[in-house]
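Let me begin by presenting the structure, written as structure tokens, before commenting on it.
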Amino acid sequence: GAGVSQSPSNKVTEKGKDVELRCDPISGHTALYWYRQSLGQGLEFLIYFQGNSAPDKSGLPSDRFSAERTGGSVSTLTIQRTQQEDSAVYLCASSLASSNEKLFFGSGTQLSVL
Amino acid sequence: AQSVTQLGSHVSVSEGALVLLRCNYSSSVPPYLFWYVQYPNQGLQLLLKYTSAATLVKGINGFEAEFKKSETSFHLTKPSAHMSDAAEYFCAVSGTGGFKTIFGAGTRLFVKA
């Protein structure tokens, strides 16, 4: 596609429910990131996929968070048993293989946990 | 491991004044450094990047940044602020060997008329 696509753009859920956030990266981009942006917290790194390597999950805040990337393309971030503190904008970004390449960001998913 | 510190969560300047946004980094390998900008209600976009060529890097909209290894800094400057520069600016670091990109907490720039 022309850019990184994220869906849904907005998600409102009740505390305790599970949610799935989807990211379609730019075709040919082997690196894919998930970040979380909260007010005043900057961009918090969550997880990094690079080609066929094992993902770097070091930023996931708890075991309620998980992500997968199928076929080296689409990625899904899953949050189980959502809590109010999970409310934030979840951003996906992709880039070409090298770490000196710029990231292309999606528009994000605004998650609100009531 | 990589980390980034942005000094000042908010910076306010007058239109026409110098813009200086500070960024210090820590890296266990030679770093790649980036500045991204997020305009109100828009996505993040790259402003400029340093990848071990010239230490003074010029980006879009008149911004530039200088890599100073001795100071582990990569401060962003613009000689004359414009109202349209009001945005949030993020410094980021990655590194040779496929290191992931880590962002700072961001600095919100306000420009006064």
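The values are calculated or read from the model by the stated rules, or taken from the named source; none is laboratory data. The structure presented is a predicted model; accordingly, all values stated were derived computationally and were not measured. Virtual Cβ from ideal backbone geometry, glycine too; neighbours counted across all protein chains shown. The protein model used for the area step is the full one, side chains on, heavy atoms only, and it has no ligands, DNA or RNA in it. Shrake-Rupley method; radii C 1.70, N 1.55, O 1.52, S 1.80 Å.
Pick from region A:79-104 the residues that are outside any loop (DSSP other than H, G, I, E, B), open to solvent by 30 Å² or more (accessible area, probe 1.4 Å) and not acidic (Asp, Glu): which of them is farthest from the other protein chains (Cβ to nearest Cβ)? Break it down stepwise before answering.
At the first step, the residues of region A:79-104 found to be outside any loop (DSSP other than H, G, I, E, B) are A:79, A:84-86, A:88-95, A:104.
Filter once more, keeping what is open to solvent by 30 Å² or more (accessible area, probe 1.4 Å): A:84-85, A:89, A:104.
In the following step, the residues that additionally are not acidic (Asp, Glu) were identified as A:84, A:89, A:104.
Details: A:GLN84: 22, A:VAL89: 10, A:PHE104: 9 Å.
Among those residues, the one meeting the criterion is A:GLN84.
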**Request:** Output the residue which, of all residues in region B:1-52 that are over 18 Å from B:THR96 (Cα atoms) and aromatic (Phe, Trp, Tyr), is least open to solvent (accessible area, probe 1.4 Å).
**Result:** B:TYR36
**Request:** State whether one or more residues within region B:29-46 are assigned to a loop (DSSP other than H, G, I, E, B), of a type in the set (Gly, Ala, Ser) and touching a residue at least 24 places away in the same chain (Cβ under 8 Å).
**Result:** no
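Within region A:7-21, does at least one residue satisfy the condition of being under 26 Å from B:GLY97 (Cα atoms) and under 15 Å from the mean Cα position of the chain (by Cα)?
Filtering region A:7-21 down to residues under 26 Å from B:GLY97 (Cα atoms) leaves none.
No.
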**Prompt:** Taking region B:53-62 only, how many residues are among the β-branched types (Val, Ile, Thr) and surrounded by 14 or more Cβ atoms within 10 Å (Cβ to Cβ)?
**Reply:** 1
**Asked** Residue check: is B:ALA17 at the interface with chain A (Cβ under 10 Å from one of its Cβ atoms), over 12 Å from the mean Cα position of the chain (by Cα) and assigned to a loop (DSSP other than H, G, I, E, B)?
**Response** no
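Quick check on B:ALA65: is it touching a residue at least 24 places away in the same chain (Cβ under 8 Å) and open to solvent by 20 Å² or more (accessible area, probe 1.4 Å)? So that I can check it myself, show each step before the final result.
Numbers: touching a residue at least 24 places away in the same chain (Cβ under 8 Å): yes; open to solvent by 20 Å² or more (accessible area, probe 1.4 Å): no.
Considered against the rule, which asks whether it is touching a residue at least 24 places away in the same chain (Cβ under 8 Å) and open to solvent by 20 Å² or more (accessible area, probe 1.4 Å), B:ALA65 comes out as no.
Need a quick list: strands (runs of 3 or more DSSP E) entirely within region A:1-47 having at least 2 residues that are open to solvent by less than 70 Å² (accessible area, probe 1.4 Å) and of a type in the set (A, V, I, L, M, F, W, C).
Working: elements: A:5-7, A:10-13, A:19-24, A:31-38.
Answer list for region A:1-47: A:19-24, A:31-38.
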**Item:** Hits in region A:48-78 (condition: open to solvent by 50 Å² or more (accessible area, probe 1.4 Å) and facing another protein chain (nearest Cβ under 9 Å))
**Value:** A:SER53, A:SER58
**Item:** Count - residues of region B:74-100 that are modelled with pLDDT of 95 or more and open to solvent by 10 Å² or more (accessible area, probe 1.4 Å)
**Value:** 10
